1. On full extension of the chain, what length is gained from Thr51 through Asp27, given 0.36 nm per residue of separation minus the C-alpha to C-alpha distance?
2. Distance between the C-alpha centers of region 200-237 and region 99-113? Whole Å please.
3. Which aspartates and glutamates, on any chain, are close to Lys253 with Cα under 16 Å apart, when same-chain ones fewer than 8 places away are left out?
4. Determine, from the Cβ-Cβ distance of Ile187 and Asp275 and an R0 of 45 Å, the FRET efficiency 1/(1 + (r/R0)^6), rounded to the nearest 0.05.
5. Return a whole-number percent for the relative contact order of the chain, with Cα pairs under 8 Å and 6 or more residues apart as the contact set.
6. Net charge around Thr59, counting only other residues with Cβ within less than 15 Å of its Cβ (Lys, Arg = +1; Asp, Glu = -1)?
7. Take the alpha carbon gyration tensor of region 79-134, find the square roots of its eigenvalues, order them as a ≥ b ≥ c, and report rounded if a/c is under 1.5; if not, report prolate when a/b exceeds b/c, else oblate.
8. So for the pair Trp124, Met1, with labels modelled 7 Å out along Cα→Cβ, what separation do we get in nm?
Amino acid sequence: MLKGARLLMTGVTGQVGSSIAAILAPDNDIYGLARYSKPGSQDMVKALGVTPIVGDYSTGMLNGVPNDFDYVLHVAADVYPPDIETGLRQNAEGAGLLFTHLNKAKAWIYVSTTGVYWDHPDPWYKYKETDRLGGSTRITSRFAYGTSKFAGEAVSRTLSRIHGVKLTIPRLNWSYGNGGNGGLPAILMGMLAEGKPIPIHPEWEMVGGPIHEDDLAAHIDGFFDGATVGGTVTNWAGDDAVSVQQIIPWIAKEMGVDYNFVYSREATAYPRATDNSRRVALVGECKVKWQDGFRRILRSRFPTFTAAEIS
């Protein structure tokens, strides 16, 4: 686990960033860069043990942001850009402006997504970092997320070479935990608790590799250590691939509720199975199995639905 570092993070007001920050803050000096436009957002970040810094990397408004950090962890992203121009500005150009400003760090992490991969016809295919890229057509298909993050990878790799700053690009999969909204498992549990049907695609099994916030935080140190000029690229997913069609019956049984699926072509397919051998070589195997992690969410967020036998 990372210790004793002076770290600049983005995305600390979101689910992934807040989860990682809360775990790393006790042992590190963390600063959170964000616009903090929502009332109370600065207080929320301070409660995590993070020092807020107001700025906007997407427009280059970085006045007052120091350039003396050991490391930079760039988590923030526009996950639902309405068009490619917005996506490129937020997820690629913004990363470039931030990288140029924070070009004295020992190492950078630019968090990308498994949505950068070109679709394979087999939903259980395990994508490798060397597979064809181009941005997903099934994952957030109505938006420009995967394409813009692919562009952000290219920008970050280029600036890593220009400035001689080491870089790791982990392609994040299905993250979850207690931070923020809890991620997809908590959302699905909430829908089950309210008796809502779960939308699934009629022709595509919705497969992902759930990775718990404890493992996310534990991997940061190894990603910084394994960073290289030009970028070390790795998948960032849990060790076990599973589909929404498989986990819903499991969650419903744990909660003691009924479930039903509704078919919809608008349902967002989740972020793929992945070959994790490169990640294992960098940071080791994950410690939290998805079943155990999901039970933690049930206990903390849905205690009235938690079966007595859950331990």
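What follows draws every value from the coordinates through simple rules; no lab data is involved. These figures come from a predicted structure and were not determined experimentally. With ideal geometry, Cβ positions are generated from the backbone for all residues, glycine too; neighbour counts draw on all protein chains shown.
1. Fully extending the segment from Thr51 to Asp27 adds 7.3 nm.
2. Cα centres, region 200-237 to region 99-113: 17 Å.
3. Correct list for Lys253: Glu194, Asp292, Glu309.
4. Between Ile187 and Asp275 the formula returns 0.95.
5. Numbers: 686 pairs, mean separation 57.8, N = 311.
Once normalised by length, the contact order is 19 percent.
6. -2
7. Here region 79-134 falls in the oblate category.
8. Here the answer is 3.6 nm between the modelled labels.
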